[in-house]
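Enquirer: One structure follows; several queries about it will come next.
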Amino acid sequence: MMISLNASMRNTLLSLRNISAQQDNMQLILSTGKKVNSAIDNPSSYYQATSLTNRAADLLNLLNSMEQGIQTIQAANTGVDTALNLLEQMEAITNQAGTKARNIPAKEYFENLVGANGAVVTTAEELRNAIAANKETICIYGVIDLGDISTSGGLELKANQKLVGVGYFGDFDSDIGKFSSITATDTRADGTMINISQQNCQLSDLSINYSNSLQRGKAFAVYIAGANNTTNLHNLDINAQFNDDDTNSNVRGAIYSKDTSTVNISGNINMSVSGHYGSALYTASNSICNITAGTKLNIHTYGKYGYGMLAHSSAVINIEQNTTTNIYTEGQSATGIYAFKNSRFNIYGKLQISTVMAAGIQTATTGGNTITIKNSAQVYLNTYYAGIYNTYNTSAGSNTIEIEQGAKLALSDKGGPSKWYVVQKNYHDENTSTSTANDISANNIAQKLTITQTSNWKLPANEINFSSSLEDNKALASYNQQFNDALNQYDQLLKDSSYKGINLLKGDSLKINFNETGEHNILVQGKDIASSNIGLSEVLWQSLSDVFESIDSLKSAIGKLRSLSEDLGSQFNIIQTRIDFTSALTNVLEEGADKLTLADMNEASAQYLTLQTRQSLAINSLSLASQAHGQILRLFY
């Protein structure tokens, strides 16, 4: 017997099937939390959400790269901060070497020594005010930079004024006063850094640094003038730099005196002079320069006509007994000692002259000049061609070279071997010729002079050394080692400042992309700040001047590292801003994708409960319909 479904049963069964399908879909929504799980559910929402999700994932990857870039910069910045600490420690070491090693007291100590009529100055303004106030003893404490004096002018001392460094008051700075230093630049013709035209002035225990960039005109670091004026110069280190050219006919130099003035030089004196016409000691116009007993004088000139000592126009230079003078000239026509126009040199002490292209001792063609080597003198000449050159004269009478019996001489031509002699008979050469010069060289001294060879004396090139060595100063030696140890640690630190193979402190670069295409990015270019690249190297301090050069180098290096730290900090902030932006944008993208695909769980739960109720009702309905159908069938049994 065949049983057929009535319409009501069929509708109920179809409803149950739909309810079951809806339940399956709702269960998927409830289990995944998404109302769109595939393109079938909602193609537009699905693909939009997928695009947003993919971009968010790409940005998350970039975010990781940016965060790693931040770490690389942080590693470099940590290295810079630590490196700065090391440089500051090295600066403290050099400051200690420049002061405590010499036990230089505080400023107040010297204020008590100079008294009410003196002044201890640390700035250019204080120095100028002290001179204007006619202070008698003015002590330079530290380094004073006068700056460009082209408009303001140099320093003009008044009568009886003493401009001194701390070494004037004791053995606080025996290395020629490098702690007390004055510096100036100039562009004036006939410029002068320190002008002395009054009586009884003194410069002592100072480092004087003067540069003039003008190509014409006279210019001197120390200018002394005035009739019968007496000036004392003691323990000075003078560095004079000039930018003149070969056509400039004006003499420039470290010390210039004229007008019947008298200059007394004593102690340790160093002079270094550059420029074509840069002479070290220039004495003119009837003035007298005395290099007094006990003096150690060191002269180095670099220019084409850079004479070591020049006496001009009836001037006299006396190199007294118990003095040691070293002259080294590098210019083509740079004679060591040059007498010009009725001038005179009297040499009593030790004298060493080395030239690269010129004679050691020479008279000028202007005539009337006399150079006398006294019986107490010891003279060593290492010259290009002539040791002593007595020039012919053109106008003012004969030139004379005198060498007294007992004088000791050694000559070496063009760096060749030298022999050491004692003069046995007075030598007198009065050259009256107007065309022929007379010379004494290593190859003709035996024919010119009555001499005997000796090995009992020598004046080797390294005898004259005015800077104290580290062996003589254990305190400096200790600071020297501390400096070098810290410098070694500095370079090691830089090598350890890498992150994942990138070291911004060794010049590596870091590129960080800010978007998916790489079109927007930042390039962090590192700098190699190894000690050799920022002006630092291991030191072997021979004098306080070396120590103060290290201080200047350290200040420059610290400035470079601070600038790099600022650059890294700026780039760090830029990248951190982009990280914050990218993180926020990623959240926006993910939130947008969720709004397209996520289901409302409350709504989904209610719908699922509704479906369950509908299913239960449909089953009951189907059961009733089936029972009704069965009752009809029972009529046939």
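Enquirer: Under 6 Å between Cβ atoms, at least 6 apart or on separate chains: pull out the pairs that start in region 255-284 with a residue that is in contact (Cβ under 8 Å) with a residue 12 or more places away in the chain and end on any residue that is outside any strand (DSSP E or B) and among the basic types (Lys, Arg).
Expert: His276/Lys304; Ala284/Lys258
Enquirer: Inside region 405-417, can you point out the residues that are in a loop (DSSP other than H, G, I, E, B) and buried (at least 18 other Cβ atoms within 10 Å of the Cβ)?
Expert: Ala407, the sole residue that qualifies.
Enquirer: What do you reckon, is Ala227 surrounded by fewer than 16 Cβ atoms within 10 Å (Cβ to Cβ), out of contact with any Phe, Trp or Tyr (no Cβ under 8 Å at 6 or more places or on another chain) and at pLDDT 95 or above?
Expert: Judged against the criteria, Ala227 is not a match.
This table checks each residue for (1) aliphatic (A, V, I, L, M); (2) at pLDDT 95 or above.
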position: Gly303; (1), (2): no, no
position: His312; (1), (2): no, yes
position: Lys374; (1), (2): no, yes
position: Ala377; (1), (2): yes, yes
position: Gln405; (1), (2): no, yes
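Enquirer: Then there is this: What pairs come up if the first residue lies in region 529-546 and is modelled with pLDDT of 80 or more, the second is in a loop (DSSP other than H, G, I, E, B), and their beta carbons are under 6 Å apart, counting only those six or more places apart or on different chains?
Expert: Between residues of region 529-546 that are modelled with pLDDT of 80 or more and residues that are in a loop (DSSP other than H, G, I, E, B), the close pairs are Ile529/Leu505.
Enquirer: To continue, here is another question. Out of Thr394, Thr355, I need the residue that is out of contact with any Lys or Arg (no Cβ under 7 Å at 6 or more places or on another chain), β-branched (Val, Ile, Thr) and open to solvent by less than 30 Å² (accessible area, probe 1.4 Å). Which one?
Expert: Unique residue meeting the criteria: Thr355.
Enquirer: Name the single residue that is farthest from Leu63 (Cα to Cα) among those in region 533-584 being open to solvent by less than 60 Å² (accessible area, probe 1.4 Å) and part of a loop (DSSP other than H, G, I, E, B).
Expert: Only one residue tops the list, namely Ser543.
Enquirer: Of the numbered conditions (1) part of a strand (DSSP E or B); (2) surrounded by fewer than 23 Cβ atoms within 10 Å (Cβ to Cβ); (3) not aliphatic (A, V, I, L, M), Gln332 satisfies every one except a single condition; which is it?
Expert: Single failed check for Gln332: (1).
Enquirer: Here are Ala293, Ala254, Ala284: which of them is open to solvent by 10 Å² or more (accessible area, probe 1.4 Å) and of a type in the set (Gly, Ala, Ser)?
Expert: Checking each option against the conditions leaves just Ala293.
Enquirer: Same structure again: Given (1) at pLDDT 95 or above; (2) open to solvent by less than 80 Å² (accessible area, probe 1.4 Å), where does Asn129 come up short, assuming only one miss?
Expert: (2)
Enquirer: Against the definition (hydroxyl-bearing (Ser, Thr, Tyr), touching a residue at least 12 places away in the same chain (Cβ under 8 Å) and outside any strand (DSSP E or B)), how does Thr192 come out, yes or no?
Expert: No: the conditions fail for Thr192.
Enquirer: Based on this model, can you work out whether Lys555 counts as modelled with pLDDT of 80 or more, under 17 Å from Ala76 (Cβ atoms) and charged (D, E, K, R)?
Expert: Considered against the rule, which asks whether it is modelled with pLDDT of 80 or more, under 17 Å from Ala76 (Cβ atoms) and charged (D, E, K, R), Lys555 comes out as no.
Enquirer: Does Asp237 count as modelled with pLDDT of 90 or more, among the acidic types (Asp, Glu) and assigned to a loop (DSSP other than H, G, I, E, B)?
Expert: Considered against the rule, which asks whether it is modelled with pLDDT of 90 or more, among the acidic types (Asp, Glu) and assigned to a loop (DSSP other than H, G, I, E, B), Asp237 comes out as no.
Enquirer: Give the residue that is least open to solvent (accessible area, probe 1.4 Å), with candidates limited to residues of region 257-278 that are at pLDDT 95 or above, of a type in the set (Gly, Ala, Ser) and in a strand (DSSP E or B).
Expert: Ser257
Enquirer: So, in region 363-391, exactly how many residues are open to solvent by less than 10 Å² (accessible area, probe 1.4 Å) and either part of a strand (DSSP E or B) or β-branched (Val, Ile, Thr) (or both)?
Expert: Total satisfying the criteria: 10.
Enquirer: Could you go through region 205-224 and let me know if any residue there is touching a helix residue (DSSP H, G or I) at 6+ places or on another chain (Cβ under 7 Å) and farther than 20 Å from Val143 by Cβ.
Expert: No, that holds for no residue.
Enquirer: If a residue must be open to solvent by 50 Å² or more (accessible area, probe 1.4 Å) and either touching a Lys or Arg at 6+ places or on another chain (Cβ under 9 Å) or among the polar types (S, T, N, Q) (or both), how many such residues does region 144-157 contain?
Expert: 2
Enquirer: Still on this structure, I have one more. Can you tell me which residues in region 423-438 are in a strand (DSSP E or B), open to solvent by 30 Å² or more (accessible area, probe 1.4 Å) and under 28 Å from Lys296 (Cα atoms)?
Expert: Passing the criteria: only Tyr427.
Residues checked against (1) within 27 Å of Gln89 (Cβ to Cβ); (2) of a type outside the set (A, V, I, L, M); (3) touching a Cys at 6+ places or on another chain (Cβ under 9 Å); (4) open to solvent by 20 Å² or more (accessible area, probe 1.4 Å):
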{"position": "Asp496", "(1), (2), (3), (4)": "yes, yes, no, yes"}
{"position": "Leu504", "(1), (2), (3), (4)": "yes, no, no, no"}
{"position": "Leu510", "(1), (2), (3), (4)": "no, no, no, no"}
{"position": "Ile529", "(1), (2), (3), (4)": "yes, no, no, no"}
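Enquirer: Something else about it: Give region 75-125 a look and list any residue that's open to solvent by less than 70 Å² (accessible area, probe 1.4 Å) and part of a loop (DSSP other than H, G, I, E, B), or say none.
Expert: Thr99, Ile104, Pro105, Ala106, Gly115, Thr122, Thr123, listed by residue number.
Enquirer: Further question: In region 514-532, what residues are among the polar types (S, T, N, Q) and either more than 25 Å from Ser563 (Cα to Cα) or outside any strand (DSSP E or B) (or both)?
Expert: Within region 514-532, Asn515, Thr517, Ser531, Ser532 meet the criteria.
Enquirer: While we're on this one: Look through region 585-604, keep the residues that are open to solvent by 30 Å² or more (accessible area, probe 1.4 Å) and within 30 Å of Ile512 (Cα to Cα), and return whichever of them is modelled with the lowest pLDDT.
Expert: The qualifying residue modelled with the lowest pLDDT is Asp594.
For every residue, the table says whether it meets (1) touching a Leu at 6+ places or on another chain (Cβ under 8 Å); (2) among the polar types (S, T, N, Q); (3) under 26 Å from Ala240 (Cβ atoms).
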| residue | (1), (2), (3) |
| --- | --- |
| Gln321 | no, yes, no |
| Gly336 | yes, no, yes |
| Arg344 | no, no, yes |
| Gly368 | no, no, no |
| Ile401 | no, no, no |
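Enquirer: Just checking, how many residues over region 296-349 are in contact (Cβ under 8 Å) with a residue 40 or more places away in the chain, over 38 Å from the mean Cα position of the chain (by Cα) and farther than 21 Å from Ser257 by Cα?
Expert: 2
The values are calculated or read from the model by the stated rules, or taken from the named source; none is laboratory data. Values in this document were obtained by computation on a predicted structure and should not be read as measured data. No Cβ is skipped: glycine too gets one built from the backbone with ideal geometry, and neighbour counts run over all protein chains shown. In case anyone asks, the SASA skips ligands and DNA or RNA and just uses the protein heavy atoms, side chains included. Shrake-Rupley method; radii C 1.70, N 1.55, O 1.52, S 1.80 Å.
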